[in-house]
Amino acid sequence: MSAEHKSLPVPETFDYKHVGGRFVGLCVTALIALILSLILGLKNPQQFAFSWFFAGFFFFTILIGSLFWVVVHHAVDAAWSVGIRRQLENISCLLPLLTLLLVPLLFVASDLWTWMALSPTTNHELAEKSAYLNVNFFWIRTIFYFLLFGIGAFLLRRNSLAQDKDGAAVHTIRNRRVAYFLVPVGAVSLTFCSIDWMMGLNWKWNSTIWGLYIFAGSVLGALCVIILLSNALRNAGYLKGVLNGQHNFAFGKLLLAFTLFWSWIAYVQYMLIWYANIPEESIYYVLRSSSSWKVLGIILVVGHFLVPFVLLLFRGPKASAGFLGLVAGWMLAMHLLDVYTMVLPVLHPEGFHPAVMDVVALLAIGCTLSAFYLKMLGDSPLWPSRDPRLAEAANYID
Amino acid sequence: MVRLLTLIILWRRRTKMSQHHSHSQGFHGHHLPVAGSKEEPLYAIGARFETPEALVHAVDHLRDQGVSLYECFTPYPVHGLAESMKLPKSILSLLVLGGGISAVLIALSMELIPSCIIYPLVVDGKPLNLSALPQYIPIVAALTIMIGAVTAVVGMILLGGMPRWNNPMFAWDLFAKDASRGFFLAVEARDRKFSTSALTELLHELGAGDITAIHQEASEGK
């Protein structure tokens, strides 16, 4: 019964025979999409700015959500998630690459963040905010966010890999320290970076719960990705020793919990702004509930809350990895729509305006990240093979 | 609901215990220690296991022998015990769902009937129809959580057979005083397969200690 009596699962390393030609396909798609973005971007820099930012931020939320799951794993000394931790570490370590992919935004920054083109000397409203909202400080903060999250993710993965070699518990202790540091500092930084990048799209608008809203979506998005990923790996015959049916219940419960968390934060933000009815605050929802944007908002309410809430409420289906994969895929699509309705209405206030650039940007950033992720997948064992809590994780009972 | 005895909420009649304590020890019939009053009918054979694994193992064996009327008493929920006992899924989750749905209906009717039908009053320029739904949701959510939680707690207690005045198990001194120091099993005398000698032997083989014949306590009048 108890975990100590069972032998440790034998470490597995990913064999690229499962990927085959798809890796090349991924690289080619990424390359074509990157070139296409360049061409389309030169033609219509404004659309490029918003589409690229939309895609970049979507993947940023997933990477930062994965980092959150690693941090929370170490901070609370969790056992159940040891089996999936290596993949979360791999995903969060894509942050430096994402930073690189977001560099083109430097050239179109003033299209995206319109306040950058304004002068505080002539604009009184901006002058009031200029102590915080000035170009230099903005870029210093941006560099700080990427450094903080990037170094944090790197350290957590490096210690974890070191433990694979010598099995020393000291690496777990070190990671715990990194996690303790990142919980408060990362929480504040994520709040400010969502304010800077996302709220800054309309610099006159503000919402005090914004950071939490972005956080809720990020954690949910990362959870969906890890569910889909562990399903894919289990289908390829891996992770059988560390992920059992009981882990599916854990996934299902967390998915339900964070669906509710996101819904509640989204609702509270909407309700307070709607009820107070202050023009500078309600502009966000006025824009998104007028013309065809309204349809997307209703789809979000139904698809991001009602449907998964009802589906995940019952315990029985949550035992099935296939069912969870379906719901996770659906939620990931809804998260994408959520980010879409944050960004694109600013560019097209007249209504829903799908652009080729949106898809190309998603493909360019997504395929590049996936290709590098696949490279990392085979570099190390699929789970922390000498983690002190591995046996406990493998015999986890929900 | 696993009827693991929620030891904290058990109601005990201590006075009764002390009255019959004097003649509750000793050997009887099959050389088993006896708890309770010998004049009263036999209630169950009780046994104590040192580890949760031993208890789960014993339950597996008892089920194989066709024993069905038995109860486990553990100081904390033991993983795998409910599966070994083959307990059916509890209806508690359905009760909570029912509680939640009725809470939504109660909250909405409490809000919408007065403020939209009986005494329509425009406050802060907000509409009186369902397009103002956001302002009604906090009450709905809070009441759903409250009634759901109360249903869960009260339902757990009621489905667990609580409250009750006494449990014949309390006639067994070891259990009554030390219930948290072991993993207890009681096979009731009403069981079709009940046989004191066979059960004693089987429980002994399964590694049980303190096997005891538990009689009910003498009632007040005697």
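The values are calculated or read from the model by the stated rules, or taken from the named source; none is laboratory data. Predicted, not measured: the structure shown is a model, and the values here were computed from it. In this analysis, Cβ positions are derived from the backbone assuming ideal geometry, glycine residues included, and neighbour counts consider all displayed protein chains.
If a residue has to be surrounded by 15 or more Cβ atoms within 10 Å (Cβ to Cβ) and away from chain A (no Cβ under 11 Å) to count, how many in region B:121-138 make the cut?
Residues flagged as surrounded by 15 or more Cβ atoms within 10 Å (Cβ to Cβ) and away from chain A (no Cβ under 11 Å) within region B:121-138 amount to 0.
Would you confirm whether or not region B:105-120 contains a residue that is under 19 Å from B:Val187 (Cβ atoms), out of contact with any His (no Cβ under 9 Å at 6 or more places or on another chain), more than 14 Å from every other protein chain (Cβ to nearest Cβ) and among the aliphatic types (A, V, I, L, M)?
no
Against the condition away from chain A (no Cβ under 14 Å), within 30 Å of A:Ser263 (Cβ to Cβ) and not basic (Lys, Arg), how does B:Ser37 come out, does it pass?
no
Between a first residue in region A:133-151 that is without any contact (Cβ under 8 Å) to a residue 40 or more places away in the chain and at negative phi and a second residue that is in a helix (DSSP H, G or I) and surrounded by fewer than 18 Cβ atoms within 10 Å (Cβ to Cβ), which pairs have beta carbons less than 6 Å apart while being 6 or more apart in sequence or on different chains?
A:Val135/A:Met116
Hey, among the residues in region B:190-222 that are small (Gly, Ala, Ser) and surrounded by fewer than 17 Cβ atoms within 10 Å (Cβ to Cβ), which one's farthest from B:Cys72 (Cα to Cα)?
So, considering only residues that are small (Gly, Ala, Ser) and surrounded by fewer than 17 Cβ atoms within 10 Å (Cβ to Cβ), the one farthest from B:Cys72 (Cα to Cα) is B:Gly221.
Any residue at all in region A:66-84 that's within 14 Å of chain B (Cβ to nearest Cβ), outside any helix (DSSP H, G or I) and not hydrophobic (A, V, I, L, M, F, W, C)?
No: region A:66-84 contains no residue that is within 14 Å of chain B (Cβ to nearest Cβ), outside any helix (DSSP H, G or I) and not hydrophobic (A, V, I, L, M, F, W, C).
Looking only at region B:76-94, which residues are more than 14 Å from every other protein chain (Cβ to nearest Cβ) and either modelled with pLDDT of 90 or more or surrounded by 11 or more Cβ atoms within 10 Å (Cβ to Cβ) (or both)?
B:Met85, B:Leu87
Could you pull out the residue among A:Gly325, A:Gly329, A:Gly366, A:Gly351 that is part of a helix (DSSP H, G or I), in contact (Cβ under 8 Å) with a residue 12 or more places away in the chain, out of contact with any Asp or Glu (no Cβ under 6 Å at 6 or more places or on another chain) and surrounded by fewer than 18 Cβ atoms within 10 Å (Cβ to Cβ)? Quick ask: steps written out before the conclusion?
Values: A:Gly325 fails: surrounded by fewer than 18 Cβ atoms within 10 Å (Cβ to Cβ); A:Gly366 fails: surrounded by fewer than 18 Cβ atoms within 10 Å (Cβ to Cβ); A:Gly351 fails: part of a helix (DSSP H, G or I).
Answer to the check: A:Gly329.
Take A:Phe251 and tell me if it is under 26 Å from A:Val307 (Cβ atoms) and more than 14 Å from chain B (Cβ to nearest Cβ). Write out each step before concluding.
On the way: under 26 Å from A:Val307 (Cβ atoms): yes; more than 14 Å from chain B (Cβ to nearest Cβ): yes.
So A:Phe251 passes the test.
Do the conditions hold for A:Ser282, that is, is it away from chain B (no Cβ under 12 Å), more than 30 Å from A:Leu254 (Cα to Cα), among the hydroxyl-bearing types (Ser, Thr, Tyr) and not in a loop (DSSP other than H, G, I, E, B)?
yes
Taking the options A:Arg288, A:Arg315, name whichever one is charged (D, E, K, R), in contact (Cβ under 8 Å) with a residue 12 or more places away in the chain and more than 13 Å from chain B (Cβ to nearest Cβ).
Of the residues listed, the single one that is charged (D, E, K, R), in contact (Cβ under 8 Å) with a residue 12 or more places away in the chain and more than 13 Å from chain B (Cβ to nearest Cβ) is A:Arg288.
For region A:8-19, state whether one or more residues are outside any loop (DSSP other than H, G, I, E, B) and closer than 27 Å to A:Trp203 by Cβ.
No: zero hits.
Which residues, counting only those in region A:291-311, are in contact (Cβ under 8 Å) with a residue 12 or more places away in the chain and more than 13 Å from chain B (Cβ to nearest Cβ)?
Of everything in region A:291-311, those that are in contact (Cβ under 8 Å) with a residue 12 or more places away in the chain and more than 13 Å from chain B (Cβ to nearest Cβ) turn out to be A:Ser291, A:Ser292, A:Trp293, A:Val295, A:Leu296, A:Ile299, A:Leu300, A:Gly303, A:His304, A:Val307, A:Pro308, A:Leu311.
Answer yes or no: is there a residue in region B:132-141 that is touching an Asp or Glu at 6+ places or on another chain (Cβ under 6 Å), assigned by TED's automatic domain parsing to the domain that holds B:Ala44 and in contact (Cβ under 8 Å) with a residue 12 or more places away in the chain.
Looking for residues that are touching an Asp or Glu at 6+ places or on another chain (Cβ under 6 Å), assigned by TED's automatic domain parsing to the domain that holds B:Ala44 and in contact (Cβ under 8 Å) with a residue 12 or more places away in the chain, one finds none in region B:132-141, hence no.
Give region A:381-398 a look and list any residue that's in contact with a Leu (Cβ under 7 Å, 6 or more places away or on another chain) and part of a helix (DSSP H, G or I), or say none.
Scanning region A:381-398 gives A:Leu390, A:Ala391.
Which one of these is over 30 Å from A:Glu392 (Cβ atoms), hydroxyl-bearing (Ser, Thr, Tyr) and without any contact (Cβ under 8 Å) to a residue 60 or more places away in the chain: B:Ser115, B:Ser93, B:Ser84, B:Ser68?
Exactly one residue qualifies, and that residue is B:Ser115.
Might you check whether a residue that is assigned to a helix (DSSP H, G or I), modelled with pLDDT under 85 and loosely packed, with under 14 Cβ neighbours inside 10 Å occurs anywhere in region B:141-158?
No; the residues of region B:141-158 include none that is assigned to a helix (DSSP H, G or I), modelled with pLDDT under 85 and loosely packed, with under 14 Cβ neighbours inside 10 Å.
Of the conditions (1) in contact (Cβ under 8 Å) with a residue 60 or more places away in the chain; (2) in a loop (DSSP other than H, G, I, E, B), A:Thr122 satisfies every one except a single condition; which number is it?
Going through (1) in contact (Cβ under 8 Å) with a residue 60 or more places away in the chain; (2) in a loop (DSSP other than H, G, I, E, B) one by one, A:Thr122 breaks only (1).
Report, by residue number, each residue of region A:10-60 that is polar (S, T, N, Q) and in contact with an Asp or Glu (Cβ under 9 Å, 6 or more places away or on another chain).
Of everything in region A:10-60, those that are polar (S, T, N, Q) and in contact with an Asp or Glu (Cβ under 9 Å, 6 or more places away or on another chain) turn out to be A:Thr13, A:Gln46, A:Gln47, A:Ser51.
Listed residues A:Gly221, A:Gly200; which is assigned to a helix (DSSP H, G or I), modelled with pLDDT of 95 or more and closer than 17 Å to A:Phe54 by Cβ?
Exactly one residue qualifies, and that residue is A:Gly221.
Return only the number of the condition from (1) touching a Gly at 6+ places or on another chain (Cβ under 9 Å); (2) surrounded by fewer than 18 Cβ atoms within 10 Å (Cβ to Cβ); (3) at pLDDT below 95 that A:Lys165 does not satisfy.
Looking at each condition in turn, A:Lys165 falls short on (1).
Read through the list (1) in contact with a Gly (Cβ under 8 Å, 6 or more places away or on another chain); (2) assigned to a helix (DSSP H, G or I); (3) not hydroxyl-bearing (Ser, Thr, Tyr), then give the number of the only condition that B:Pro134 fails.
(1)
Suppose we filter region A:240-256 for residues that are in a helix (DSSP H, G or I) and either crowded, with 23+ Cβ neighbours inside 10 Å or in contact (Cβ under 8 Å) with a residue 40 or more places away in the chain (or both); how many remain? Spell out the reasoning first.
Let us first name the residues in region A:240-256 that are in a helix (DSSP H, G or I), namely A:245-256.
Retained after the next criterion (residues that are either crowded, with 23+ Cβ neighbours inside 10 Å or in contact (Cβ under 8 Å) with a residue 40 or more places away in the chain (or both)): A:245-253, A:255-256.
Total meeting the criteria: 11.
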